[in-house]
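The values are calculated or read from the model by the stated rules, or taken from the named source; none is laboratory data. All of these numbers come straight from a predicted model, not from anything done at the bench. Positions of Cβ are generated from backbone atoms using ideal geometry, with glycine treated the same way; all protein chains shown enter the neighbour counts.
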Amino acid sequence: MKIRMKIHVSSLNKYAFCPRSVYLSEVLQIEPKPSVERSKGLLGHAIRKEFSLRQSRILGRIHDMDEIEDALLNELENVLEDVPYIYKDFLEGIKIDEYISEIRPELLNEIKLMKEKLEIMINEVGVEDSLKRITPWRVEYPVKSNRLKFSGRIDKVMKGENYFPVEIKTGNPGDGVWEGDRLQTCAYSLLLEEKLRLKKVIPFGFVEYTKIQEKRPVMNTEQLRRRVINARDDLIEILDGKIPEICPHGSGKKCEVCGFREECYKI
């Protein structure tokens with residue numbers, strides 16, 4: 001069996017949603033069916049991710065609580081101008097100007113929530129300590145491992161008493177942490193442990209759900225670490241040609257919203 005040495009960590013999220021989608025997109029190279037909602041979702045993801053990466057820059061410009069809202073709104077305009085250039089490949093073919101006007105109200109509501117949370121934190125610990133809390137040690141930090149057979153890029157790496165990864169997610173979070181987000185975050189912890197040659201394990205990471213401005217913890221238990229390794233092994237088999245069964249997750253709701261639905265049932 002041909003072994004692919006590197007599984008991209010983001011494939012764990014696709015796998016958790018549906019193993020068959022990995023086969024369709026990464027083996028057969030089928031593109032998901034285009035739709036307005038998907039295009040708006042991709043644009044919204046790029047904007048929210050970029051805004052999150054700039055949080056420490058925004059807070060660094062603030063000297064008084066009254067300046068928070070203006071600083072956030074000004075940076076939003078900067079992000080909207082910059083995103084088409086930064087994420088040019090990712091947003092190829094998307095009607096950016098048209099969709100920005102449609103998703104702007106959502107973004108403004110999220111900025112209000114961000115303002116409220118920043119105000120609470122600043123009231124508790126002050127601007128200087130707040131800045132320390134939200135400033136990453138590294139952003140978009142590349143990691144790879146021949147032993148783990150993973151590669152990827154961590155959105156944020158925070159450093160305190162320990163290092164921990166933060167994965168930015170821009171969709172709706174549900175009641176907890178989605179399994180795919182959990183697998184991704186744990187995999188990044190494993191990669192960080194190896195790359196930085198840490199003597200102690202990374203006990204947890206975070207998923208940052210930007211729509212609700214919450215960081216939700218992911219505890220790197222032995223059970224979760226095992227699920228990551230098992231998912232990796234399944235992915236290796238899929239990428240080497242194993243065809244997963246139709247609807248392996250047993251969720252008709254997933255099939256209803258899947259961009260591969262038509263192609264999936266033809267194979």
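Numbers at a glance
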item	result
Residue that is nearest to E167 (Cα to Cα), among those in segment 124-155 that are free of Cβ contacts under 8 Å to residues at least 40 places away in the same chain and among the hydrophobic types (A, V, I, L, M, F, W, C)	I154
Pick from segment 92-103, criterion touching a residue at least 12 places away in the same chain (Cβ under 8 Å) and in a helix (DSSP H, G or I), ranking: surrounded by the fewest Cβ atoms within 10 Å (Cβ to Cβ)	E102
Within segment 146-167, tally of residues that are more than 19 Å from R54 (Cα to Cα), charged (D, E, K, R) and surrounded by fewer than 17 Cβ atoms within 10 Å (Cβ to Cβ)	2
Selection count, segment 156-176, where residues are of a type outside the set (D, E) and modelled with pLDDT of 95 or more	10
Qualifying residues in segment 59-72 (those that are assigned to a helix (DSSP H, G or I) and touching a residue at least 12 places away in the same chain (Cβ under 8 Å)) - the one farthest from N109 (Cα to Cα)	G60
Selected residue (criterion: farthest from K132 (Cα to Cα)) from residues of segment 1-58 that are of a type in the set (D, E, K, R) and not in a helix (DSSP H, G or I)	K2
Residue match in segment 116-132 (condition: farther than 27 Å from I62 by Cβ, assigned to a helix (DSSP H, G or I) and among the charged types (D, E, K, R))	no
Segment 16-54 - residue that is touching a strand residue (DSSP E or B) at 6+ places or on another chain (Cβ under 9 Å) and of a type outside the set (D, E, K, R) and, of those, surrounded by the most Cβ atoms within 10 Å (Cβ to Cβ)	S52
